[in-house]
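Asks: Structure in structure tokens, see below.
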Amino acid sequence: MAEGNGGPDGTGAEAGAGAGAGELLGTGRTADVFALPDGRVLRRYRDGTDARGEAELMAHLAGHGYPVPAAQPGERPTDLLMERLDGPTLAQAVATGTLAPAAAGQLLADLLRRLHAVPPRTAARPGDRVLHLDLHPENVLLTARGPVVIDWNTATEGDPALDAAMSAVVLAQAMLGMPEFTALAPAILVPLLRALPPVPDHQLAAARARRAANPTLGPADHAHLDAAVALVRDCAARTGAAGV
């Protein structure tokens with residue numbers, strides 16, 4: 001239902017797993033995921049991304065009780081070893097009707113609030129928090145132990161309002177690109193935005209600029225960007241909140 005750096009793109013199957021990796025489970029815009037014999041999975045970035053910082057961040061979050069997969073660096077800098085999780089994505093749960101759109105929006109908001117309550121690792125500026133910057137329904141797995149957030153390669157530290165703006169814009173942009181889900185967008189976005197502090201206009205503009213600069217997006221993605229921002233503004237207005 002939403003698309004970030006980890007969304008399927010149908011490429012990379014020929015990348016090769018290397019020693020110790022097994023079946024190719026999935027391929028995304030920047031990385032491939034392979035099964036490992038010990039029951040874990042190997043996420044390997046094709047674009048040269050160094051995964052060691054991602055592993056360190058996930059360990060930091062796990063240490064503070066935030067729901068992330070258990071992870072550690074692999075043999076290559078581009079490799080991340082993670083526990084294999086079972087369960088549908090939040091997007092799949094909404095698409096199949098097992099979870100109401102409003103409940104999905106509230107769950108996303110709760111995950112953002114919990115993330116922004118975790119102590120930052122560096123906090124270069126007062127108020128900085130850990131930001132996911134791609135927290136949307138396809139990056140949330142509904143497991144037996146509860147929701148788990150995946151795909152932390154875009155994470156950084158900064159203003160939590162930017163994280164909220166990014167989640168809203170990514171979600172709106174993706175749903176506008178899928179006619180079968182467009183009508184559901186307000187049913188998810190309004191509860192999401194209502195449950196979070198108001199997003200300042202400059203952070204919505206920053207989220208738009210960040211999406212526009214994403215090299216993994218295609219022409220169809222860019223075509224929906226301005227409409228996505230307008231949809232976020234409209235949904236924010238429905239909450240009665242100041243800001244966007």
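Asks: Measure nothing fancy, just the Cα-based angle from helix 201-212's long axis to the longest principal axis of the chain, in degrees from 0 to 90, nearest 10.
Replies: Approximately 40 degrees, to the nearest 10.
Asks: For segment 42-155, what value does the Rg/Rh ratio take when both radii are computed over Cα atoms and Rh is the Kirkwood radius, given to two decimals?
Replies: Rounded to two decimals, Rg/Rh equals 0.98.
Asks: So what does log10 I(q)/I(0) come out to for segment 113-240 at q = 0.09, 0.11, 0.19, 0.20 Å⁻¹, using the Debye formula with one equal point on every Cα and no solvent?
Replies: Those come out to -0.25, -0.38, -1.14, -1.25, one per q.
Asks: Bin width 10 Å, origin at 0, all Cα-Cα pairs of the chain: what percent of pairs per bin?
Replies: Over the chain, the share of Cα pairs per 10 Å bin runs 8, 32, 37, 20, 3, 0 percent.
Asks: Using the C-alpha atoms of segment 148-195, what convex hull volume per residue, in cubic angstrom, is computed?
Replies: That works out to 101 Å³ per residue.
Asks: What is the helix-to-structure angle for 225-239, meaning the angle in degrees between its Cα long axis and the longest Cα principal axis of the chain, kept from 0 to 90 and rounded to the nearest 10?
Replies: That helix lies at roughly 60 degrees to the long axis.
Asks: A further question follows. Roll a 1.4 Å probe over the protein chains and send me the accessible area per residue for segment 92-244 in Å².
Replies: For segment 92-244, the solvent-accessible area averages 41 Å² per residue.
Asks: Relative to the first principal axis of the alpha-carbon coordinates of the chain, what is the inclination of helix 101-116, with its axis defined by its Cα atoms, in degrees from 0 to 90 and to the nearest 10?
Replies: So the inclination is approximately 70 degrees.
The values are calculated or read from the model by the stated rules, or taken from the named source; none is laboratory data. All of these numbers come straight from a predicted model, not from anything done at the bench. The accessibility values were calculated without ligands, DNA or RNA, using every heavy atom of the protein model including side chains. Shrake-Rupley method; radii C 1.70, N 1.55, O 1.52, S 1.80 Å.
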